[in-house]
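The values are calculated or read from the model by the stated rules, or taken from the named source; none is laboratory data. What you are looking at is a predicted structure, and each value in this text was computed from that prediction instead of being measured. As a convention, Cβ positions derive from the backbone with ideal geometry for all residues, glycine included, and neighbour counts pool all protein chains shown. Ligands, DNA and RNA are excluded from the accessible area calculation, which covers all protein heavy atoms including side chains. Shrake-Rupley method; radii C 1.70, N 1.55, O 1.52, S 1.80 Å.
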Amino acid sequence: MEWRNLYRGAMMGTSDLIPGVSGGTIAVLLGIYDQFIGAISGIFSKDWKRHLLFLIPLGMGMVLAIFSLSNLIEWLLTYHFEPTQFFFLGLIIGIIPLLVRNARLKETFTVKHYAALIAAALLVGSMGLLPAEESSALIELTSFSAAAGLFFSGWLASMSMLLPGISGSFVLLLLGVYRTAINALATLNFPVILTIGAGVAIGFIVSSKLIKFLLQNYPVMVYAVIIGLVAGSTVVVYPGITSMAALFPSIITFIGGAATALLLGGKN
């Protein structure tokens, strides 16, 4: 069992709490993306035991981070929004050289790959233009339709969590479920957590099989799309600068994020 996956999972879980930052992006940064997708899609195969030994510590790290850091992330996003977002912006920009290197962009990309890259970047970047404010009302499990809505929101969010550049949290935000999910984690509202979590779990398994198929049969095109998704997500994460007081901390956190990405990316 790879116990290093505890901290890898913690990093992925932390990123999935942030609207605009994808756990898939962190998996790429840590050099485990292909293995992560393969393990999830192969959980019901004859090699299920090997995949479980990889996924269990990873999942434990993600769950621990999500439960233990949800209050901290909510506080950071409330009181230190810009520096927090700039750290992740630096992290995302810092991963692009790694993706370009892994894709061997100059040797393998043709016109269709560049077109796919640009299209993916525009698709995700356009999400930053969508209204991100949601209702302050929390969704309660008072009806079947509410439960179904939370379940399918988790399903859609999980699909985006697996793709670098698309944030599951941002999808929840667009669906009006993000505050409900964060509040459920912070207050240990297990019925809501389990409802959304069930959608996430099923979405993981279904989506991972499709992604694995594409990676095996169209690897260059997949890398083109991934680079576009990651590049486009910078538009979503970029918070702007609303005051000079936030400028210096934001520069420091941006440098810290970029340095972290380049350091970890250099090991892969």
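Listed by first and then second residue, the pairs with beta-carbon distance under 8 Å, at least 6 apart or on different chains, first residue in the stretch 144-166 and under 18 Å from Val206 (Cα atoms), second among the aromatic types (Phe, Trp, Tyr) and open to solvent by less than 40 Å² (accessible area, probe 1.4 Å), are Ser158/Phe204; Ser160/Phe170; Met161/Phe204; Leu162/Phe204; Pro164/Tyr33.
Out of Ser250, Ser233, I need the residue that is surrounded by 14 or more Cβ atoms within 10 Å (Cβ to Cβ) and over 20 Å from the mean Cα position of the chain (by Cα). Which one?
On the way: Ser233 fails: over 20 Å from the mean Cα position of the chain (by Cα).
From the options Ser250, Ser233, the qualifying one is Ser250.
Listed conditions (1) over 19 Å from Met127 (Cα atoms); (2) under 17 Å from the mean Cα position of the chain (by Cα); (3) surrounded by fewer than 18 Cβ atoms within 10 Å (Cβ to Cβ) are all met by Gly257, apart from (3).
Taken as a whole, the structure leaves Thr234 outside the set of residues that are at pLDDT 85 or above, farther than 24 Å from Val124 by Cβ and of a type in the set (S, T, N, Q).
Scanning the stretch 69-81 for residues that are open to solvent by less than 20 Å² (accessible area, probe 1.4 Å) and closer than 27 Å to Ala121 by Cα yields a total of 1.
Does Ser160 meet the test of being assigned to a helix (DSSP H, G or I), within 27 Å of Gly9 (Cα to Cα), open to solvent by less than 30 Å² (accessible area, probe 1.4 Å) and modelled with pLDDT under 80? Don't jump to the end; show me each part of the working.
Details: assigned to a helix (DSSP H, G or I): yes; within 27 Å of Gly9 (Cα to Cα): yes; open to solvent by less than 30 Å² (accessible area, probe 1.4 Å): yes; modelled with pLDDT under 80: yes.
Answer is yes for this residue.
Tell me, please, whether a residue that is over 20 Å from the mean Cα position of the chain (by Cα), surrounded by fewer than 22 Cβ atoms within 10 Å (Cβ to Cβ), touching a residue at least 40 places away in the same chain (Cβ under 8 Å) and assigned to a helix (DSSP H, G or I) can be found in the stretch 175-183. No - not one qualifying residue is present in the stretch 175-183.
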